[in-house]
Every structure is written in C-alpha cells, then in structure tokens.
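The values are calculated or read from the model by the stated rules, or taken from the named source; none is laboratory data. Every value quoted in this text rests on a predicted model; they were computed, and no experiment measured them. Here Cβ is always computed from backbone atoms with ideal geometry, including for glycine, and neighbour counts include all displayed protein chains.
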Amino acid sequence: MRNRIIYILMTITAGAALFQSCSSEQQLDYQRYFVNGKGIYEKNCQNCHGANGEGLGKLYPPLTDTLSLTKNKPALACIIRNGRNEMPANPALAEIDIAQVIVYITNSFGNKQGFYDQERVKGDMEGCK
Amino acid sequence: MKYLLLFATAICFLQACSNKTESKLPILGERAPVEKIVDGKTVVDTIYQTIAPFAYLNQDSVVISDKDFENKIYVTDFFFTACNTICPVMHRNMMEVYKQYKDNPHVKILSHSIDVKYDVPSRLKAYADKLGVESDKWAFVHGSRDSIFNVAAKSYLVAAYEDASDKQGLVHQGWFVLVDTKKRLRGAYDGTKPDQVKLMMADMEKLLKEENLNEK
C-alpha cells in the first residue's frame with residue numbers, strides 16, 4: 001500500500017517536471033522569436049508601419065487591429081513575403097524570419113496572440129497566390 | 001557675508017537679463033557684402049542667399065509658385081510617394097507640424113517629389129488624401145526634373161539625385177528646411193528624428209515672433 005502511494009506520487013512529480021520543462025521550452029522559443037522578430041520589424045517594417053504599429057494615415061495600415069490580424073493570420077506570411085498594394089515584397093526573408101516577425105507583430109501594439117512557429121508559416125506559404 | 005549676498009543678487013540680475021534677450025535664428029547659406037550709399041555715406045550691407053523663384057503643379061494640378069509663400073514662413077522637404085525608406089518616417093513627423101499649424105495662416109509646408117516620372121499630380125493627390133491633409137496648407141508638388149533637382153541643390157542645399165545603384169533609383173536627404181518670409185534659409189533639421197522636429201517647431205515659434213506674425 002505504502003509503496004503504491006510513493007509510486008503514484010513520484011509519477012505525478014515526474015509528469016509535472018516534464019510538463020514544466022516542455023512549456024518553458026516553448027516559452028523560450030516564443031521569447032527567441034519575439035526578440036528576433038523585433039529586430040526584423042525595425043529593419044523592414046517600421047518605416048511605414050511605425051514604432052508602435054500605428055501606420056501612417058490611410059497610406060500604411062496600422063497593425064493594432066487584433067481582430068483583423070487574427071482573421072487574416074494565415075495570409076500574413078504571404079503578404080510579408082510577396083508584398084501587397086504599396087507594400088514591397090521581402091524575398092530576402094526566410095520562413096523562420098517571417099515566423100519571428102509574425103510573433104512580434106501579433107504580440108505587440110496591444111495584440112496578444114501567442115506563439116506561431118515556422119512550420120505554420122511553411123503551411124501558410126503553400127497557399128500563396 | 002554681505003559681499004556674498006551682493007554677489008548672489010548680481011548674478012540673479014545677470015540671469016534675468018540673459019533670459020530676456022530672445023535668441024534669433026541664424027541666417028544660413030551663402031552671403032555677400034555690398035556697399036551702398038545712404039545719405040552720402042557708404043554703408044556695408046549683407047545680401048543673403050534666397051530661394052530662387054519657382055512654379056510647380058500641386059496635388060490639385062494647380063500652379064503654385066513663390067508668390068503663394070509671400071509673407072509666410074514655410075518648411076520644405078524632398079520625397080517621393082513610392083519611397084519606403086525615410087519618407088514615411090519624415091512625413092509621420094511632418095504630420096505633427098501640420099497638426100500644430102493647421103489653423104495658422106502664416107505657416108505652410110511644401111514637399112517636392114523627386115520622382116518626376118511617376119509622381120504626377122494625381123499620384124500626389126492620392127498620397128495627400130490618404131495622409132489626410134489639405135492642399136492649401138501642405139502642398140505636394142510636381143515639377144520638371146531640372147527644376148526640382150536644381151532647387152534642391154542650389155536653393156535649399158539638400159542633396160537629391162537619381163542613382164541607378166540605389167534599389168529605388170532615387171537618393172535624397174531627409175532635411176526639413178525652414179524658410180522665412182524673405183525667402184532666406186533659417187534652419188535645417190533631420191526630418192527622420194522626432195526630437196529634431198520638435199526643435200524645429202520651437203524655432204518656428206521664434207521665427208513667427210521675429211517676423212511679427214501672430215495668429216489670425
């Protein structure tokens with residue numbers, strides 16, 4: 001009986017530890033994406049979209065509309081890579097860069113949409129027109 | 001102790017004096033001395049560099065010239081609508097100037113497009129409308145290649161030129177140039193830096209005061 005209790009307790013502890021390390025790894029990934037994404041944003045996007053994602057009049061849209069970002073999330077990768085309307089294409093950005101800048105944008109300027117990894121971007125890019 | 005008090009008072013007075021004298025903005029550019037005869041005496045006067053007369057089409061396809069800037073101070077810059085490097089930053093900052101002086105009839109803004117092929121008035125109109133500005137306050141102008149690049153280099157002292165090695169084929173500096181009612185250069189500020197633009201707005205206040213241009 002006593003052995004059984006100890007066994008169960010240990011299993012729970014091990015499970016919890018595993019879960020903790022997993023989530024902290026994703027947390028770490030998120031932070032890495034976010035920091036790199038900020039650099040990519042400043043270099044490629046900030047001139048038009050602004051340091052606070054405020055855009056510029058009706059010339060360049062703001063990136064603060066979290067609803068629209070959610071709705072168009074699968075299209076973001078294509079827009080970033082291929083450009084749209086006034087927005088130039090960014091052929092030099094790799095999938096990982098695009099994922100990172102998406103994480104930065106969708107978690108800044110009042111947005112809080114969590115992690116978005118490279119694999120998702122890869123999937124999104126297959127649908128590019 | 002007595003002397004110390006006296007000393008402190010003197011310093012206070014001195015401080016008060018120096019506060020009272022308003023500093024004037026410098027006059028920039030080339031200058032030449034000329035001798036004039038006034039009441040039989042020779043007097044040396046200085047001739048300052050001024051902006052050469054100009055005439056361009058604005059975003060409404062209306063001709064605007066140096067006459068439209070008479071008795072006004074204005075800020076000018078060089079840009080093009082397809083530019084995605086420094087221009088959006090400059091015009092984000094210029095919007096602050098526009099908002100500040102929206103209702104002041106003595107202040108104008110003049111933006112020259114250096115993309116003479118592509119930025120015809122209809123393009124400039126679309127740009128101005130999307131930016132949300134009124135034509136009589138902020139003019140976006142289209143001119144011939146020579147007139148635009150000449151006025152940049154010779155009148156406003158801003159480097160702007162076509163360069164095939166550049167990604168967009170056009171290179172220009174981001175200066176905001178402040179011009180007074182006598183068409184003289186009174187300041188140049190980095191239009192990509194918000195603190196420089198703030199400084200410019202403070203200088204515009206000084207200039208308006210010097211020119212006795214109060215609101216209304």
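Please tell me if B:V116 is assigned to a loop (DSSP other than H, G, I, E, B), closer than 25 Å to B:A55 by Cβ and among the β-branched types (V, I, T). Give the steps one after another, and end with the answer.
Values: assigned to a loop (DSSP other than H, G, I, E, B): yes; closer than 25 Å to B:A55 by Cβ: yes; among the β-branched types (V, I, T): yes.
Here the answer is yes, as B:V116 does meet what is asked.
Considering only residues that are away from chain A (no Cβ under 14 Å), hydrophobic (A, V, I, L, M, F, W, C) and either loosely packed, with under 13 Cβ neighbours inside 10 Å or not in a helix (DSSP H, G or I) (or both), which ones fall in the stretch B:129-170?
Of everything in the stretch B:129-170, those that are away from chain A (no Cβ under 14 Å), hydrophobic (A, V, I, L, M, F, W, C) and either loosely packed, with under 13 Cβ neighbours inside 10 Å or not in a helix (DSSP H, G or I) (or both) turn out to be B:A139, B:V141, B:L157, B:V158, B:A159, B:A160, B:A164, B:L170.
Might you check whether a residue that is among the charged types (D, E, K, R), without any contact (Cβ under 8 Å) to a residue 40 or more places away in the chain, closer than 29 Å to B:C83 by Cα and not in a helix (DSSP H, G or I) occurs anywhere in the stretch A:85-100?
Just the residues of the stretch A:85-100 that are among the charged types (D, E, K, R), to begin with: A:86, A:95, A:97.
Still in the list and also without any contact (Cβ under 8 Å) to a residue 40 or more places away in the chain: A:86, A:95.
Narrowing the set further to residues that are closer than 29 Å to B:C83 by Cα leaves A:86, A:95.
In the following step, the residues that additionally are not in a helix (DSSP H, G or I) were identified as A:86.
Within the stretch A:85-100, one or more residues are among the charged types (D, E, K, R), without any contact (Cβ under 8 Å) to a residue 40 or more places away in the chain, closer than 29 Å to B:C83 by Cα and not in a helix (DSSP H, G or I).
Taking the criterion of being under 24 Å from B:K193 (Cα atoms), out of contact with any helix residue (DSSP H, G or I) (no Cβ under 8 Å at 6 or more places or on another chain) and surrounded by 12 or more Cβ atoms within 10 Å (Cβ to Cβ), would at least one residue in the stretch A:20-30 satisfy it? Quick ask: steps written out before the conclusion?
Looking only at the stretch A:20-30, we keep the residues that are under 24 Å from B:K193 (Cα atoms), and these are none.
No, because not a single residue in the stretch A:20-30 is under 24 Å from B:K193 (Cα atoms), out of contact with any helix residue (DSSP H, G or I) (no Cβ under 8 Å at 6 or more places or on another chain) and surrounded by 12 or more Cβ atoms within 10 Å (Cβ to Cβ).
Go through (1) within 14 Å of another protein chain (Cβ to nearest Cβ); (2) under 15 Å from the mean Cα position of the chain (by Cα) one by one and return the number of the condition B:P88 breaks.
Status for B:P88: all satisfied but (2).
Can you confirm whether the stretch A:41-64 contains a residue that is among the hydrophobic types (A, V, I, L, M, F, W, C), away from chain B (no Cβ under 11 Å) and farther than 30 Å from B:A126 by Cα? Spell out the reasoning first.
First pass over the stretch A:41-64, keeping only residues among the hydrophobic types (A, V, I, L, M, F, W, C): A:45, A:48, A:51, A:56, A:59, A:63.
When the remaining residues are screened for being away from chain B (no Cβ under 11 Å), the result is A:63.
From the residues that got through so far, the ones that are farther than 30 Å from B:A126 by Cα too are none.
No, every residue in the stretch A:41-64 fails to be among the hydrophobic types (A, V, I, L, M, F, W, C), away from chain B (no Cβ under 11 Å) and farther than 30 Å from B:A126 by Cα.
Any idea which of B:D77, B:D103 is among the acidic types (D, E) and outside any loop (DSSP other than H, G, I, E, B)?
Values: B:D103 fails: outside any loop (DSSP other than H, G, I, E, B).
Unique residue meeting the criteria: B:D77.
Could you list, in sequence order, the residues of the stretch B:157-174 that are within 22 Å of B:N93 (Cβ to Cβ) and either modelled with pLDDT of 95 or more or in contact with a His (Cβ under 8 Å, 6 or more places away or on another chain) (or both)? So that I can check it myself, show each step before the final result.
Initial filter on the stretch B:157-174 (within 22 Å of B:N93 (Cβ to Cβ)): B:157-160, B:168, B:170-174.
B:V158, B:A159, B:A160 - these are the residues of the stretch B:157-174 that are within 22 Å of B:N93 (Cβ to Cβ) and either modelled with pLDDT of 95 or more or in contact with a His (Cβ under 8 Å, 6 or more places away or on another chain) (or both).
Restricting attention to the stretch A:36-56, and to residues there that are in contact (Cβ under 8 Å) with a residue 24 or more places away in the chain and part of a helix (DSSP H, G or I), which single residue is nearest to B:Y98 (Cα to Cα)?
A:C48
Filter the stretch A:65-97 down to the residues that are of a type in the set (D, E, K, R) and over 18 Å from A:K43 (Cβ atoms), then identify the one that is nearest to the other protein chains (Cβ to nearest Cβ). Even if it seems obvious, please write down each step before you answer.
First, pick out the residues of the stretch A:65-97 that are of a type in the set (D, E, K, R): A:65, A:71, A:73, A:81, A:84, A:86, A:95, A:97.
This time we only want the ones that are over 18 Å from A:K43 (Cβ atoms), so: A:65, A:71, A:73, A:84, A:86.
On the way: A:D65: 17, A:K71: 23, A:K73: 24, A:R84: 13, A:E86: 8 Å.
Selected residue: A:E86.
Which condition number in (1) closer than 28 Å to B:A126 by Cα; (2) surrounded by 17 or more Cβ atoms within 10 Å (Cβ to Cβ) is the one that A:P88 fails?
Among (1) closer than 28 Å to B:A126 by Cα; (2) surrounded by 17 or more Cβ atoms within 10 Å (Cβ to Cβ), the lone unmet condition for A:P88 is (2).
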